[in-house]
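Here is the structure we will look at.
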Amino acid sequence: MNLPLVARGKVREVYDAGSGRLLLVASDRISAYDHVLPTPIPDKGRVLTALSVWWFGQLTPVLDSFGAAHHLVSASDVPAEVAGRAMLVRRLSMLPVECVARGYLSGSGTVEYARTGAIRDVALPAGLVEGSQLPEPVFTPSTKAELGEHDEAIDFAAVEAAVGADRAAELRELTLALYRRGAEIAREAGIILADTKFEFGLDGDGRLTLGDEVLTPDSSRFWPALTWSPGDAQPSYDKQYVRDWLTASGWDRVSPPPELPADVVEATRERYVTAYEQLTGTTFR
Ligand code: PZK
C-alpha cells in the first residue's frame, strides 16, 4: 500500500491518499478497559466500516438540512490489502472539538450528574441513575486528547472560544440532530444508542463536514434494548463478553491483557455482525 501514515489510533489508522484525500483504515483490533487486546476479532474492521458507510447514507438528509456534508468519497476504490475495511475520504481542516451527544446517563455522565445534578450546562431532574434516559439529549463536547490520554470535558463557552459562537451553536444543533436521527433508527432495530461522538471539519469551500467513523460501537455506546434496565450498569452490545471474560480471568487492568479464548472471540464477532444486520436489515458479507 505504501501510503504515508497521517494518524494512528488504538484500533485504526489514517493514510494520505494524495489529491486531497485520506484513507481511513479500520483494523480487527479491539480495546477494553483502555487496553488494546492481543487477540483480534475477525471481520470487526469490515463490519465497522460497512456500518459507517451505511450511516453516512442514512444521515445525509440531516446533513442536507443544515447545508452540511460528509467526508466519504468511496469505500470501494481502496487498496486491495484493506478492501472492505477502508474509506476514502476528503481531507478536511478538522475542528478541535469532539462533538458528543448523550441521550442516556452513563459513565462520565453519571459521575458528573452525581456530583453536580447537571451535565455540563444542562440542569437535570433529581433521581436519575446509571442508564436513565435523559429528558432531552445533551451536547457534551470534549477536547481531543493525545493518544493514550482521555478526552477532557469542556463547557459550551470553551467551544465558542475555540471555533466562534456561531460555529459552536451550529455544532451543537447538528450534533443533536444527528444523534436524534441515529437513535431513532437504532431504536427501531432494538438497539439503544446511549451516546455517540462525532468529529467535524471544514472542506476547501469552508463547508461544515461530518468526518471520522460514525455511529459505530467504537464511537458510541450501543445497548440491547431488550435488557435495558436503569439503575444497573448496562451490558455493552458488542464488548460485554470480552469485559466479563477479562474480569473473570483475574486480569488486573494494568498488566498487558491476556489473549481471549476462541469462544469469546466468536461470540464477539457475532455481536458485531448482528448489530450490522439488525441496523441495516441486510446480510453481512
Ligand atoms: C482526521 N483523525 C482522527 C481518525 C485515527 C485518527 N477527513 C479528515 N480530514 C483530515 N483529518 C482527518 C479526517 C478524518 N476522519 C481524523 N485524524 C485525522 C482519526 C481515524 C483514525 F488514527
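Of the numbered conditions (1) open to solvent by 50 Å² or more (accessible area, probe 1.4 Å); (2) of a type in the set (Ser, Thr, Tyr); (3) over 30 Å from Tyr241 (Cβ atoms), Ser108 fails exactly one; give the number of that condition.
(3) is the only condition that Ser108 fails.
Checking the condition at pLDDT 95 or above, open to solvent by 10 Å² or more (accessible area, probe 1.4 Å) and more than 13 Å from the ligand (Cβ to nearest atom), which residue from Leu3, Leu63 passes?
Leu3
Does segment 118-128 include one or more residues that are in a helix (DSSP H, G or I) and farther than 26 Å from Leu72 by Cα?
Among the residues of segment 118-128, not one is in a helix (DSSP H, G or I) and farther than 26 Å from Leu72 by Cα, which makes the answer no.
Surrounded by 14 or more Cβ atoms within 10 Å (Cβ to Cβ), within 14 Å of Pro40 (Cα to Cα) and touching a Phe, Trp or Tyr at 6+ places or on another chain (Cβ under 9 Å): is that true of Pro258 in this structure?
Spelling it out, Pro258 is indeed surrounded by 14 or more Cβ atoms within 10 Å (Cβ to Cβ), within 14 Å of Pro40 (Cα to Cα) and touching a Phe, Trp or Tyr at 6+ places or on another chain (Cβ under 9 Å).
Residues in segment 150-169: is at least one within 13 Å of the ligand (Cβ to nearest atom), surrounded by fewer than 21 Cβ atoms within 10 Å (Cβ to Cβ) and closer than 30 Å to Ala225 by Cα?
yes
Please go through segment 233-255 and give me each residue that is of a type in the set (A, V, I, L, M) and open to solvent by 80 Å² or more (accessible area, probe 1.4 Å), ordered by number.
Ala233, Ala248, Val254
Could you list, in sequence order, the residues of segment 24-44 that are closer than 20 Å to Glu81 by Cβ and not charged (D, E, K, R)?
Leu24, Val25, Ala26, Ser27, Pro40, Ile41, Pro42
Search segment 198-231 for residues being open to solvent by 40 Å² or more (accessible area, probe 1.4 Å) and within 12 Å of the ligand (Cβ to nearest atom), and hand back the single one that is farthest from Ala69 (Cα to Cα).
The residue in question is Asp218.
Which is assigned to a strand (DSSP E or B), farther than 25 Å from Thr274 by Cβ and within 10 Å of the ligand (Cβ to nearest atom), of Val14, Val100, Val25?
Only one candidate qualifies: Val14.
The values are calculated or read from the model by the stated rules, or taken from the named source; none is laboratory data. Just so it is clear, the model here is predicted, and its values are computed rather than measured. Quick reminder, even Gly has a Cβ in these numbers, built from the backbone with ideal geometry, and neighbours come from all protein chains shown. Ligands, DNA and RNA are stripped out before the accessible areas are found, and what is left, the full protein with its side chains, is counted by its heavy atoms. Shrake-Rupley method; radii C 1.70, N 1.55, O 1.52, S 1.80 Å.
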